[in-house]
Amino acid sequence: MMNVLEQVHQMVWGPWTLVIFLGVGIFFTLKCHFFQIRGFLFWWSRTAGRLISGEASRKEDGTGKGKGISQFQSVCTALAATVGTGNIAGVATALTAGGPGALFWMWVSALIGMITAYAETMLGIRYRYRDKDGHYICGPFIYMERGLGLRGMGVLYSFLCLMSSLGMGSMVQANSAISTMEYTWHVPTLAGGLIFTGLLVLVTWGGIRRIGNVAEKLVPAASGIYIAFSMIVILSCLEQIPGALASMVCSAFRPEAAAGGTAGYVISRSVRYGISRGVFSNEAGLGTLAVLHGPTEGTTPHEQGMWAMFEVFFDTVVLCTLTALVILCMTGSSPETIPYEGAALAAWCFSRRLGIVGEYLVSGSMVVFAFATIMAWFYLGRQAAAYFIGGCGFGENAQNMFASKVYPLLFIAAVFLGSEARLGLVWLLSDIWNGLMAFPNLTALLFLSREVTLPEGFLRRRK
C-alpha cells in the first residue's frame, strides 16, 4: 500500500507539478512587477503595520447584515489554517526526507506563493456573493463558475477540497497533535483523540463566527510564545547558524550522493519535499485562502490580497525558518541521523536546550496550532461540501443536509481516525490531495489573470 501511494505521490508531485506551481507564481510575479518584493513596505504597512498599531478592524462593518466576521478575525482564521503542524512537524519531515536544502525550496515556494495567494484571494473577494441568509459564498469554485463560466471545474475543485479537508485539514493535524501528546505527556492515543475531538465539536458547532472568535485568541498568543522560545534557542547557539545556513544552500544545489544515491535523486527530494511542504504549510496556490477570507466584512479585493501575502510570509519565512534553524542547530545540520521524526524531532531539539520546558513548549504549540488549523479547515470543507452537492444537481434541502449534518460527522470521524493512523500514510495522502486540488485552481488563476491588478495606492507611488 505504501509503495503504491509513494508512486502516486511522485506522480502528483513530479517535476511537472513543481514547474506549474513555480510557473504560475513567476507569471504573476512578472505581471505584478515583483509586487511581493518591490512593494514590501507598501503591503507590510497595510497588514502587519496595522496589526502593530492596532488599526486592523476588529468589528463588523456596521451594515447590520451581521453574517460575516471582522477583518482581524478573518486574518486569524486564515492564519489558523496556514499556521499549523506544517510549521513544526512539516518542517521536521521535510528536513529528514529532503535534507537541509528543503528549507531553501520552502523559501522559494513562499516568495513565489505570496503573489499567487494575492491573486486567488483578490479574485475570491471580487466574485463572492451572499446567499439568501446573508452568508458570504466565496472560493475558487465561485470564480471558476462566475468568472470562467465553468461550473464543472468548480464542482471538481470542491470535491478535491472536500477530500483535502478530510486529509490535510483533519487527519494530519490530529495525527501530529495526538502523537505529540503521547510523546510528551504520555496521554493514551484513544484518550487524546476523544478529548481533541470533543473540544473541536464544541467550537465548530458555533459556525464561522465562533471559529473566528476562538482563532483571534489562540493564533496570536500561540505564535508569539513559539517565536519567543525559538529565538531563545537560536540565540543560544549563534555560532552554529552560519553552518546551518550554508548546509541549506549546499544541500539544495550541490548535494552529496551519500548512501549510494545519485545527486539527481537527492536534488529531486530536496525540491519535491521543500516545495510540497511549503505549499502544505502556507497553502498558496491551493485556493483555500480565497475561501477563508470570504466572510470578511468591509474590505476590498486588493486589501485582502495583501493580507494573504502577509500570511504566507509569516507562515513560511518566519515560523518555518525558526523551526528549521532550531532543528539544524541542535542536530548539527544532520536531522536524518536522529531517531525521531515529525513533531517528536522538534520537541527533542527544543528539550536539548530548554529541558522539559522546551519539550512542553513545542508540544503545547503543536497541539494549539493543530487545533486552530482543524477549526479553519472545518469551515473550508463545509463550504466545499455545500457547493459540491449543489453542483451535482441535488436540491437545496439535500445541499443543506449534507453540509450541516453529514459533512460534520465525516470531518469529526476523520479527526478521530487520524489520531490512530500511521504518520507516513497520513502525510502521503494529504500531499496527494493537495497536489490534485492545486491543478484546477492554478488553471483558473491563469485564465482570470487579466483581472488581477495592483492596488491604486501602489500604482500612484510608482508614478
In the set ARG450, ARG460, ARG382, the lone residue that is at pLDDT 90 or above, out of contact with any Phe, Trp or Tyr (no Cβ under 9 Å at 6 or more places or on another chain), part of a helix (DSSP H, G or I) and among the charged types (D, E, K, R) is ARG450
Quick check: is even one residue across the stretch 343-353 modelled with pLDDT of 80 or more, aromatic (Phe, Trp, Tyr), within 20 Å of PRO140 (Cα to Cα) and crowded, with 24+ Cβ neighbours inside 10 Å? no
Which numbered condition PHE280 fails, given (1) among the hydrophobic types (A, V, I, L, M, F, W, C); (2) under 19 Å from ALA92 (Cα atoms); (3) open to solvent by less than 50 Å² (accessible area, probe 1.4 Å); (4) at pLDDT 85 or above: (4)
Of everything in the stretch 24-41, what is surrounded by 18 or more Cβ atoms within 10 Å (Cβ to Cβ) and of a type in the set (A, V, I, L, M, F, W, C)? Give them in sequence order. VAL24, PHE27, PHE28, CYS32, PHE35
Would a scan of the stretch 398-410 turn up a residue that is buried (at least 24 other Cβ atoms within 10 Å of the Cβ) and aliphatic (A, V, I, L, M)? no
Testing GLY391 on (1) at pLDDT below 90; (2) closer than 15 Å to VAL155 by Cβ, one condition comes back false. Which one is that? (1)
Just one listed residue, out of SER236, SER223, is farther than 24 Å from ALA174 by Cβ and of a type in the set (Gly, Ala, Ser), and it is SER236
For the stretch 215-273, what are the residues that are at pLDDT below 65 and assigned to a helix (DSSP H, G or I)? ALA258, ALA259, GLY260, ALA263, GLY264, TYR265, VAL266, ILE267, SER268
Scan the stretch 129-142 for residues that are more than 21 Å from the chain's Cα centre (by Cα) and buried (at least 22 other Cβ atoms within 10 Å of the Cβ) and jot them down. TYR136
Please enumerate the residues belonging to the stretch 172-188 that are farther than 11 Å from ILE412 by Cα and open to solvent by less than 30 Å² (accessible area, probe 1.4 Å). VAL172, GLN173, ASN175, SER176, ALA177, ILE178, THR180, MET181, THR184
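The values are calculated or read from the model by the stated rules, or taken from the named source; none is laboratory data. Because the structure is predicted, anything quoted here is derived from the model rather than measured. Because the Cβ atoms are built from the backbone with ideal geometry, glycine has one as well, and the counts that use them run over all protein chains shown. Heavy atoms of the whole protein, side chains included, go into the accessibility calculation; ligands, DNA and RNA do not. Shrake-Rupley method; radii C 1.70, N 1.55, O 1.52, S 1.80 Å.
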